[in-house]
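Written below as structure tokens is the structure these notes are about.
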Amino acid sequence: WPRWKKEAAFIVIFMNTIVFATCPGPLLASSTFALAGILNVSLKKIAELSGYQLLIVGAFGPIVSVLAQKYGKRPQFLFAATVGLIGTVVCIGGRSNYKTLLAGRIIQGLGATAFESLSQAAIGDTFYIHERGWRTATIVLTLACMASMVSIIGGVITEHLGWRDLFIISLPFNVAGWLATFFLLPEMQFRRETPAEGQQNNVVEGKQSSSQTEISQHEKNISEGPTSSRNVKRTYVQDLRIFSGIYTKENIFKLLAEIFIHLLNPAVLWILTISGILVSSFAGSAYILAQIWSVPPYNLNTAQNGYFFFGAFIGGIIGVSAGWMCDVSARTMSRANKGIFEAEFRIPINILAAVFLGIGWFVFMWDVDHPRPNGYYLGAFCHGCVCFGVTITSVSGGLYILDSFRQYSTEIFILQMMTKNFMFYAFSTFINDWAASSGPGEVFKVFGICSLVLLISCIPMCKCFTLLTECKMASGAFGKNTYSLSDVFGKVNRKFYHGLWSTYMPKL
């Protein structure tokens, strides 16, 4: 692909992640109390407008993953943009009908799944390792932090124009996103030719393969294959096709089962735990912020509660630098490792995440336990620190997946998305009662402790040597130049599971 084609595809994915995956969820967050009165339903019913949407996103994720592996990512992105557009139209037509609005929100959830779960994997398909850092960071930003800005804007629109205008204003962006997906987002999935296949076509100093029949058959397979590297370059019109071929002959049910097989991989469990708990705890805290600031001595109104999210928004914007920092860390450690890159070199940046998460959660705890009229300023700063720390961890984890298990990145990102969304829904069922009974300071203290304990798990992934290596190094058995930055549990785990998957997965 030429550079403009890659960048155009990335811009479309980035913008549509905002339009279809990020905006719908928190769009009604600032309008909860107003909608309860307008629709004449309880606050719990209004919360379910977002709760059921999150459940749909999480539950539909594995299906999107399987279809993406089988038929490519373009059909999934087109389907997501289409149903996202339809869902917005249904919400507009809901007027004061709660059931219609709920149906529209569920349809929007179907539209969010592909852009939330496939975007980072698409970056791995399209860009080189050294080009993924800041792009992954921007995608993580849209998923983790842009919700803050959506809540701010949504509150202002609802207050001055009405809740239906939230969807009316969203509609042109949905239409533009659909058009951009159709015209500027071609299929990016491919099947790389294996060395054995390439050897069948080698002609070395005038010598051909042992069988002319094998050559002819191989060339036929190449010409018919959807994504072989020897294909004739597709024209722009051909790129507009919805389906460009089948990318695996595996059974759909087998592909679905393979998603959950990755839960046997300790590195995947580590990523799911880190991303699921850290991100969902940050997002879950939003459920109780209005509960904190709307009462004395703060007495913030609805708009002011929305403005509080500026702290998190600024923290997320600064968090874009996490991709650059991960790239710098990887390059620096690769030089120290005699020019050899290891995926674990993305992990040390989490030291900075631990610092900001610790400051954010524990100072926030102190702030709400010592209420004073202007305390929300410090609270907004702490919220921004937490957002920055979560963004660093999410970027580091996403890049580690792409660098370590790119072949399985789609399935792993699906598991990550499922974990996060199910935990979002779980927090919505109890966190308000927890904050009311134990106090919000207790909630933030628990979140802070859990965050730091989880981040300690980064140490064995990138620093712990095997016991045998340590003993032999201590005794000098390997000499002075034995020390290697890549001799870590993460690499040992990668080697083991790549060998395990390559041996047994084809036999399943």
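Using the average count of surrounding beta-carbon atoms within 10 Å as a protection proxy, the listed peptides 236-248, 266-278, 363-375 rank, highest first, as 266-278, 363-375, 236-248. Highest average first, the peptides 110-116, 443-449, 258-264 ordered by how many other beta carbon atoms sit within 10 Å of their residues are 110-116, 443-449, 258-264.
With θ taken as phi - 60° and the Karplus curve 6.51 cos²θ - 1.76 cosθ + 1.60 applied, the whole-hertz 3J(HN,Hα) list for the stretch 321-331 is 5, 4, x, 5, 5, 5, 5, 4, 4, 5, 5 Hz, x standing for glycine and proline. In plain terms, the chain from D239 to R372 could stretch by 41.9 nm, reckoned as 0.36 nm per residue minus the Cα-Cα distance. Legend: translational diffusion of the stretch 78-178 by Stokes-Einstein, Rh = Kirkwood radius over C-alpha pairs, 20 °C, 1.002 mPa s; D = 143 µm²/s. Here the convex hull built on the C-alpha positions of the stretch 1-96 has a volume of 101 cubic angstrom per residue.
Relative to the 2.2 N^0.38 Å rule of thumb, the stretch 280-348 has a C-alpha radius of gyration ratio of 1.79. Which net charge results when you count Lys and Arg as +1 and Asp and Glu as -1 among the other residues whose beta-carbon is under 9 Å from that of R132? Around R132, the surrounding residues sum to -2.
Checking the cross-link pairs K249/K491; K6/K254; K338/K495; K6/K338; K249/K495; K73/K233 against a 28 Å limit on the alpha carbon distance flags K249/K491; K6/K254; K6/K338 as lying beyond it.
In plain terms, the chain from R95 to K6 could stretch by 28.0 nm, reckoned as 0.36 nm per residue minus the Cα-Cα distance. In the stretch 29-146, one over the average inverse separation of all distinct C-alpha pairs is 15.7 Å, which is the Kirkwood hydrodynamic radius.
Just need log10 I(q)/I(0) for the stretch 61-122 at q = 0.11, 0.20, 0.22 Å⁻¹, Debye formula, equal scatterers on the alpha-carbon atoms, no solvent, rounded to two decimals. Debye curve over Cα of the stretch 61-122, log10 I(q)/I(0) at q = 0.11, 0.20, 0.22 Å⁻¹: -0.27, -0.69, -0.77. With each label modelled as a point 7 angstrom along the Cα→C-beta vector, the F260-V156 pair spans 4.6 nm.
Based on the Kirkwood radius over alpha-carbon pairs, what value in µm²/s does the Stokes-Einstein equation return for the translational diffusion coefficient of the stretch 235-323 at 37 °C and 0.692 mPa s?
Stokes-Einstein gives a translational diffusion coefficient of 180 µm²/s.
By the Kirkwood approach, averaging reciprocal distances over each pair of separate Cα atoms, the stretch 259-384 gets a hydrodynamic radius of 17.1 Å.
Across the stretch 254-304, how large is the tail of the calculated P(r) beyond 19 Å, expressed as a percent of all Cα pairs? Within the stretch 254-304, distances greater than 19 Å cover 55 percent of Cα pairs. Using the Cα coordinates of the stretch 121-175, the gyration tensor eigenvalues translate into equivalent-ellipsoid semi-axes of 33, 13, 6 Å, sorted from longest to shortest.
Were the residues from K338 through R406 laid out at 0.36 nm apart, the gain over their Cα-Cα distance would be 22.1 nm.
Give me the one-decimal Kirkwood hydrodynamic radius in Å for the stretch 356-432, with the sum taken over alpha-carbon pairs. About 14.7 Å, per the Kirkwood formula over Cα pairs.
Any read-out appearing in this document is the output of simple, stated calculations on the displayed coordinates, not a laboratory observation. Please read these numbers as outputs of a predicted model, since none were measured by experiment. Neighbour counts are summed over all protein chains in view; Cβ atoms, including those assigned to glycine, are modelled from backbone coordinates with ideal geometry.
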